[in-house]
Amino acid sequence: MPNSNSLTTTYNILVTGSMGQLGSEIKELSSNYNYNFFFTTRDDIDITSKDSIKEFCQTNSINVIINCAAYTAVDKAESDMENADLVNRKAVKKLSIVAKELNIKLIHISTDYVFDGKNFKPYVEEFQTNPQSVYGKTKLDGENEIRDINPLNSIIIRTSWVYSYYGNNFVKTMLRLGKEKEELGVIFDQVGT
């Protein structure tokens, strides 16, 4: 985001999924910027409801939505396809529709799980997608909803290997296991972007 000193307009930014790893980091960093942030959880706004999203955005004059909300339990998604699809595709569709109707910039956080992982070099946007899991498929379906509904006023950011002080992640798991075990075994043939 631009330096807050260079802004003449006040931006009202909705951040969904504010209790997650990425949303928590954005929340912590938000004090460095002269924007009005609205950090929400599922208790504040139902992103599966177009009416709920639209009402929140109109009431708070939202200019930008940063969608950090996601169903991220990769293994659990295999047996909980309905909820993974609800959050990762259907909710994204609703956010896209409202963003288009109200001329709001949508920044959507996606994942490298939209790829099959068979490439042994970093992925770029132009590479063919081929998700191998329900999680990856629902995230790609969400991306496609954005492309179909509001491609000119949306940004899709594909992340991988996210880690932070907040939430569960590989780094925190390794630090914890390092204290608990004498020896650790980890995969070494997986390439991330």
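Among the residues of segment 14-27, which ones are of a type in the set (D, E, K, R) and either touching a residue at least 40 places away in the same chain (Cβ under 8 Å) or in contact with a helix residue (DSSP H, G or I) (Cβ under 9 Å, 6 or more places away or on another chain) (or both)? Steps first, please.
Step one: list which residues in segment 14-27 are of a type in the set (D, E, K, R), which gives 25, 27.
The answer is 25, and nothing else.
Before we move on, is residue 13 of a type in the set (A, V, I, L, M), outside any loop (DSSP other than H, G, I, E, B), at pLDDT 95 or above and in contact with a Lys or Arg (Cβ under 8 Å, 6 or more places away or on another chain)? Explain how you work it out, then say what you get.
On the way: of a type in the set (A, V, I, L, M): yes; outside any loop (DSSP other than H, G, I, E, B): yes; at pLDDT 95 or above: yes; in contact with a Lys or Arg (Cβ under 8 Å, 6 or more places away or on another chain): no.
No, not satisfied.
Where residues in segment 162-182 are at pLDDT below 70 and not polar (S, T, N, Q), which of them is nearest to the chain's Cα centre (by Cα)?
Residue satisfying both the conditions and the ranking: 162.
Consider only pairs whose beta carbons are under 7 Å apart and that are at least six residues apart or on different chains; among these, list those whose first residue lies in segment 83-97 and is modelled with pLDDT of 95 or more and whose second residue is buried (at least 18 other Cβ atoms within 10 Å of the Cβ) and basic (Lys, Arg).
88/139
It is to be established whether one or more residues within segment 141-154 are out of contact with any helix residue (DSSP H, G or I) (no Cβ under 8 Å at 6 or more places or on another chain) and either farther than 18 Å from residue 67 by Cβ or assigned to a strand (DSSP E or B) (or both).
No, segment 141-154 contains no residue that is out of contact with any helix residue (DSSP H, G or I) (no Cβ under 8 Å at 6 or more places or on another chain) and either farther than 18 Å from residue 67 by Cβ or assigned to a strand (DSSP E or B) (or both).
Return yes when residue 88 is closer than 20 Å to residue 23 by Cβ and either among the polar types (S, T, N, Q) or in contact with a Pro (Cβ under 6 Å, 6 or more places away or on another chain) (or both) and no when it is not.
Answer is yes for this residue.
Given the structure, is residue 86 among the aliphatic types (A, V, I, L, M) and either farther than 23 Å from residue 51 by Cβ or in a loop (DSSP other than H, G, I, E, B) (or both)?
Values: among the aliphatic types (A, V, I, L, M): yes; either farther than 23 Å from residue 51 by Cβ or in a loop (DSSP other than H, G, I, E, B) (or both): no.
No; evaluated as a whole, the condition is false for this residue.
Before we move on, is residue 84 surrounded by fewer than 21 Cβ atoms within 10 Å (Cβ to Cβ) and under 14 Å from the mean Cα position of the chain (by Cα)? Give the derivation first.
Details: surrounded by fewer than 21 Cβ atoms within 10 Å (Cβ to Cβ): no; under 14 Å from the mean Cα position of the chain (by Cα): yes.
It is false that residue 84 is surrounded by fewer than 21 Cβ atoms within 10 Å (Cβ to Cβ) and under 14 Å from the mean Cα position of the chain (by Cα).
What is the number of the single condition among (1) in contact with a helix residue (DSSP H, G or I) (Cβ under 9 Å, 6 or more places away or on another chain); (2) closer than 20 Å to residue 22 by Cα; (3) modelled with pLDDT under 95 that residue 65 does not meet?
(3)
Here's a check for you: in segment 42-72, which residue that is surrounded by fewer than 15 Cβ atoms within 10 Å (Cβ to Cβ) and of a type in the set (Ser, Thr, Tyr) is nearest to residue 85 (Cα to Cα)?
49
Considering each of 75, 44, 51 in turn, give the residue that is part of a loop (DSSP other than H, G, I, E, B), of a type outside the set (Phe, Trp, Tyr) and farther than 19 Å from residue 157 by Cα. Talk me through it step by step, then tell me what you get.
Working: 75 fails: part of a loop (DSSP other than H, G, I, E, B); 51 fails: part of a loop (DSSP other than H, G, I, E, B).
Checking each option against the conditions leaves just 44.
From the list 121, 76, 90, 105, which one is charged (D, E, K, R), surrounded by 16 or more Cβ atoms within 10 Å (Cβ to Cβ) and over 13 Å from residue 14 (Cα atoms)? Don't jump to the end; show me each part of the working.
Numbers: 121 fails: surrounded by 16 or more Cβ atoms within 10 Å (Cβ to Cβ); 76 fails: surrounded by 16 or more Cβ atoms within 10 Å (Cβ to Cβ); 105 fails: over 13 Å from residue 14 (Cα atoms).
On inspection, the qualifying residue turns out to be 90.
Of all residues in segment 121-140, how many are part of a loop (DSSP other than H, G, I, E, B) and touching a helix residue (DSSP H, G or I) at 6+ places or on another chain (Cβ under 9 Å)?
Residues of segment 121-140 that are part of a loop (DSSP other than H, G, I, E, B), as a first pass: 121-133.
Checking which are touching a helix residue (DSSP H, G or I) at 6+ places or on another chain (Cβ under 9 Å) leaves us with 123, 129-133.
Qualifying residue count for the region: 6.
The values are calculated or read from the model by the stated rules, or taken from the named source; none is laboratory data. The structure presented is a predicted model; accordingly, all values stated were derived computationally and were not measured. Glycine gets a Cβ as well: all are built from the backbone with ideal geometry, and neighbour counts include every protein chain shown.
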